[in-house]
Amino acid sequence: MTAPEQAGATAGTMEFGRPAAQDDPYLVVENLTVQFPTHDGIVQAVTDLSYTVRSGQTLGIVGESGSGKSVSSMAVLGLHNPQSTRLSGSIRVGGTEVIGADQQTLRSLRGNDAAMIFQDPLTALHPFYAVGKQIAEAARMHNDISKAEARRRAIDMLDRVGIPQASSRVDDYPHQFSGGMRQRAMIAMALVNNPQLLIADEPTTALDVTVQAQILDLLQDLQQEYGSAIVMITHDLGVIAEVADDVLVMYGGRAVETGPTKAILTLPEMPYTWGLLSSVPDITGATDVRLIPIPGTPPSLLNPPTGCSFHPRCPHVDKVPGELCRTTLPELTQATHPGHRKRCHLVNPDEIYLKEVLPEAAPDLIDEETGELIPELQVQLEEIQQETHDHPTKAPGRSAPRGGDHVRADPEKP
Amino acid sequence: MFAYTIRRVISGILLLVVMSVVTFYLFYASSSTPERFACGPKCTPTQLDTTKRALGYDEPTIVQWGKFAKGFVAGREFPDDEKLRKAAPEQVVECPRGCLGYSYGYSKPVNTLIKDKLPISVSLAISAFVIWIAGGVLLGITAALFKGRLIDKAIVGLSLLAFAFPTFFIGLLLLKFVAIRWGIVELPKYSDFTDNPFLWVSGLILPAITLALVYMAGYIRMTRAFVLETMSEDYIRTARAKGLTRRVVIGKHTLRAVLTPLVTLSGLDLAGLLGGAIITETVFNFNGVGKLSFTAVQRYDLPLIVGIVLLLASFVIVANIVVDLLYAVIDPRVRLG
Ligand SMILES: Nc1ncnc2c1ncn2[C@@H]1O[C@H](COP(=O)(O)OP(=O)(O)OP(=O)(O)O)[C@@H](O)[C@H]1O
Ligand code: SF4
Ligand SMILES: [Mg+2]
C-alpha cells in the first residue's frame, strides 16, 4: 500500500516541480483503486479512477447505484477502514497526500479543508445530540474558539442554509427536523469551516423539487463566495446540467466517459451514457422525452465482466468488429471534443448517437418534416464542433498525470 | 414527566394488587392441606385443625386475600382466628400496617424476616452490579476496539468460559483458593455497612465477584456488539468526517449511543438480583432473601412465599419505571406520555 502512495507523491512533485499553487487543481485523484476483501471475494468497488477538480469549479459524478461514487469520494477524506479496505493510487487535497496519511494529517484535513455532505441525512446526524451542537463541534475542532462563539457560528450557518428561526431551532434534535431541514443541517455542518473542497453525495435525493432547487442554489452561492471546489455526486443528470462544469460518468467502479458538461450532454460518445441520458426526461430542454430504462443489471464487482464491463447490457456490441467488446477493456481515449474522453470501442459514436439513439429516445429533438435536428440542438452541436475545431489536437491536459484515465474539472483554456 | 411518573406508579400498584390475587389463588388454592407443612409430620388431627384456623386456611381463598389486603393497609393480629387469640392472649402477635403475613415456619412476621435478610441480598446485588458493569463495559469496549486481534479473542474467549461454568463451581473455586488456600481475602462474611464499611466490602468481595462474573460475561459480549454496531453507523462516519479525534468519536459519540440499551438491560438485571441470588448466597453461606425464599418453598411457608414474590415483583416494577424515566432523559427521541 505504501509503494503506490509514494510513487504518487513523487510523481506529483516532479510534475509540478513545486508545492501545489493557486493554479493547480485543488483535488487530484490519480489511479485510485478501492477494494474490499470479503468472504465471497474481493469487491472491486473502484478501479483506476483519475480526476481533478479546480477551486471554484464543480465536477459532477454520475452513475447508477453501486458504481462506486460514494466509495471513491469517501476515499478522498480517508474515511475507509484501513483494516478492511485495499487502497492504492494517489489522492491529493490541496497538495496533501491522503492515501496512507497518518490520523493527524487526516484529522486536520477533514471538516476543515475538505468536507463532505453525506448521502443520507436521516442517519448521518447523531440522534442524541442537538443539531447546533453537532455543527458547533465541527467549528470548535478546527478553531480555537469558545463554546459560545461556536454556537453563534452554528446559528449563523443554520440561518444561511435557510433554517427558519435558526436561533431557536439550533437546540432541536435531528428527529425534530424535516428531511429537507436535516439535509440543510448537514450542509451547514460541512460548510461551517469554509472548506476549500466540498463533496456533496446526492445532497438533493429524496427532496422535493422546490427544496432541491433551493439547495443547489445554496451550494452555488457558497461556492461563489468561498471559491471552493465541489464534487457533486448524483443519479440525476438534470442536477448535473444545472451545476456541473465537468462530468464524470462511472460504471462498475470505472470512469467510462468524462469531459465538459456541455459536450457530454450534447454529444455523448459512450453507450452507457446514452442509456443514462435516455432514461432521464427533459435533459436537453425538450419536453416529452421518453424514459427508457437501461435494460439489465449493474455488473458484478466480485467477478467483473471481461472486456468492456458494459458489454452484457450494451445494445451496440455488434457494431464493433470481432469479439473486441467481450475480450478487451477499452482505454479511456480522446473523443471528438477536446477534454472529452470515453471508454468505448465504437469508431463512429457521434453518427450512431445522432442517427439512431437520439431519434428513438427524444423524438422531440428531431424535426418531423425535414428529419433534421431541431435548431437549438443544431446550435449546441455547432458550438461544440467550433471548440473542437479551435483545439483540434488538444492533449489530455497540461497537468494531467501519466496514465490515460483522466478528467479535468477546469475551464478549457486556449 | 411528573404526571407520567404518577401514572406509572398508580398502574404499578394496580399491577401488584392483581399479582397478589393471582399468587394467592395459585398457592393457597392449589394445596388442599397447606397446614400440614406448618404443623409438622407428627401432628394430631386436633393440632392440625388448630393450625389450620391459626393460619386462616379454613376460610375461602378470597377471604384470606381480603385479610391479607387489610393487614397490608391497616395492620392485623395473629393467630388469624379470633377464638384462638382470646384463648391465649399472651401469644398474640401484632403485625402493624404494611403487614405481609406471619410465617409459622419461622414464627415471625414476614416483614421482620425480609427486613433482616434484605440488606444482605441488596449489598450483594449492588456490589456485583458495580463489578459487572465496570468490567463488562470496559472489556466490551476494549474487545470492540481491538476486534479480531488477540486481545479481543482473549476477552471473548474468557467471557465464554465464565458463562459456561456454573456459578456454584466458580464460587467454590474462589472460596477454596483465594480465601482459604492463599488467604488473599478473608473468609466471606456479611457485616453491616453502617457498622464497618471496610468489613462490609472485604466480606462481600468474593461473593460479589462470583455473582458478577456470569453477568459480566454477558455484558462484555453485549457491549462489544453494541459498540461495533454503533461504529458502523452513518453518524459515526459523520463524526470522523468532521475531523474529531478518535477519543471523541469513541468516548463521546459511540458511547453515548451504546449507553441507552445498556441502561435498560442493566436496570432490569439489577432489579431481578435485588431479591436474592440463591446459589451464591448458599455457596458463601450468606443468609439473604435468596436463601429465605428457598427455605420458604421447601417448607411450603405460604405467607412467606407470597411476601417474597410480591417484594420481587415490586422491585421489577420500580426498576421498569426508573429505566423508562432514564430512557427519556438519555434519548431525546423518547417522549413520555
Ligand atoms: N465496506 C464495504 N465492503 C464491501 N463492499 C462495499 C463496501 N462499501 C461499499 N461496497 C460496495 O461497493 C460498491 C460501490 O458502492 P458505492 O456506495 O460507492 O455506490 P454508489 O455509486 O455510491 O451507489 P449509490 O448511488 O447507491 O449511492 C457497491 O457495490 C457496494 O456494495
Ligand atoms: S466497448 Fe463495446 S460494449 Fe462497451 S460500450 Fe462500447 S460498444 Fe458497448
Ligand atoms: Mg452512494
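The values are calculated or read from the model by the stated rules, or taken from the named source; none is laboratory data. Every value quoted in this text rests on a predicted model; they were computed, and no experiment measured them. In this analysis, Cβ positions are derived from the backbone assuming ideal geometry, glycine residues included, and neighbour counts consider all displayed protein chains.
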Might you check whether a residue that is assigned to a helix (DSSP H, G or I), within 14 Å of chain A (Cβ to nearest Cβ) and modelled with pLDDT of 90 or more occurs anywhere in region B:316-323? no
Keeping to region A:174-211, report how many residues are away from ligand 1 (no atom under 16 Å from the Cβ) and in a helix (DSSP H, G or I). 17
Can you name every residue in region B:63-79 that is surrounded by fewer than 15 Cβ atoms within 10 Å (Cβ to Cβ) and of a type in the set (S, T, N, Q)? none
Filtering region B:85-107 down to residues that are crowded, with 16+ Cβ neighbours inside 10 Å and not aromatic (Phe, Trp, Tyr) yields B:Arg85, B:Cys95, B:Cys99, B:Leu100, B:Gly101, B:Ser103, B:Gly105
Return the residues of region B:62-107 that are in contact with a helix residue (DSSP H, G or I) (Cβ under 7 Å, 6 or more places away or on another chain) and either more than 19 Å from B:Ile308 (Cα to Cα) or of a type in the set (A, V, I, L, M) (or both); say none if nothing qualifies. B:Glu77, B:Pro79, B:Asp80, B:Asp81, B:Leu84, B:Val92, B:Leu100
Out of all the residues in region A:65-76, which are within 11 Å of ligand 1 (Cβ to nearest atom) and either under 19 Å from A:Pro330 (Cβ atoms) or within 14 Å of chain B (Cβ to nearest Cβ) (or both)? A:Ser67, A:Gly68, A:Ser70, A:Val71, A:Ser73, A:Met74, A:Ala75
Only one of these is hydrophobic (A, V, I, L, M, F, W, C), more than 16 Å from ligand 2 (Cβ to nearest atom) and more than 24 Å from B:Thr254 (Cβ to Cβ): A:Ile155, A:Ile199, A:Ile135. Name it. A:Ile155
Within region A:361-377, residues in a helix (DSSP H, G or I) and loosely packed, with under 13 Cβ neighbours inside 10 Å come out as A:Pro375, A:Glu376
Out of (1) crowded, with 16+ Cβ neighbours inside 10 Å; (2) basic (Lys, Arg); (3) part of a loop (DSSP other than H, G, I, E, B), what's the single condition that is false for B:Arg221? (3)
Options A:Leu79, A:Leu125, A:Leu59, A:Leu87: the member that is away from chain B (no Cβ under 11 Å) and out of contact with any Leu (no Cβ under 7 Å at 6 or more places or on another chain): A:Leu87
Being among the small types (Gly, Ala, Ser), outside any loop (DSSP other than H, G, I, E, B), surrounded by fewer than 18 Cβ atoms within 10 Å (Cβ to Cβ) and within 14 Å of chain A (Cβ to nearest Cβ) narrows B:Gly272, B:Gly251 down to just B:Gly251
Return the total of residues in region A:134-193 being surrounded by fewer than 16 Cβ atoms within 10 Å (Cβ to Cβ) and closer than 14 Å to A:Gln214 by Cβ. 3
With the requirement that a residue be within 8 Å of ligand 2 (Cβ to nearest atom), over 15 Å from A:Gly252 (Cβ atoms) and assigned to a helix (DSSP H, G or I), what does region A:297-325 give you? A:Val317, A:Lys319, A:Leu324
Filter region A:81-105 for residues that are free of Cβ contacts under 8 Å to residues at least 60 places away in the same chain and crowded, with 18+ Cβ neighbours inside 10 Å; the one that is farthest from ligand 3 (Cβ to nearest atom) is A:Val98
A:Gln223: passes all of (1) within 16 Å of ligand 1 (Cβ to nearest atom); (2) over 14 Å from the mean Cα position of the chain (by Cα) but (1)
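Okay, residues lined up against (1) out of contact with any Asp or Glu (no Cβ under 7 Å at 6 or more places or on another chain); (2) farther than 22 Å from A:Pro293 by Cβ; (3) within 16 Å of ligand 2 (Cβ to nearest atom):
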| residue | (1), (2), (3) |
| --- | --- |
| A:Gln183 | yes, yes, no |
| A:Ala190 | yes, yes, no |
| A:Ala241 | yes, no, no |
| A:Asp246 | yes, yes, no |
| A:Val256 | yes, no, yes |
Is there a residue being out of contact with any Cys (no Cβ under 7 Å at 6 or more places or on another chain), surrounded by fewer than 17 Cβ atoms within 10 Å (Cβ to Cβ) and assigned to a loop (DSSP other than H, G, I, E, B) anywhere in region A:63-76? yes
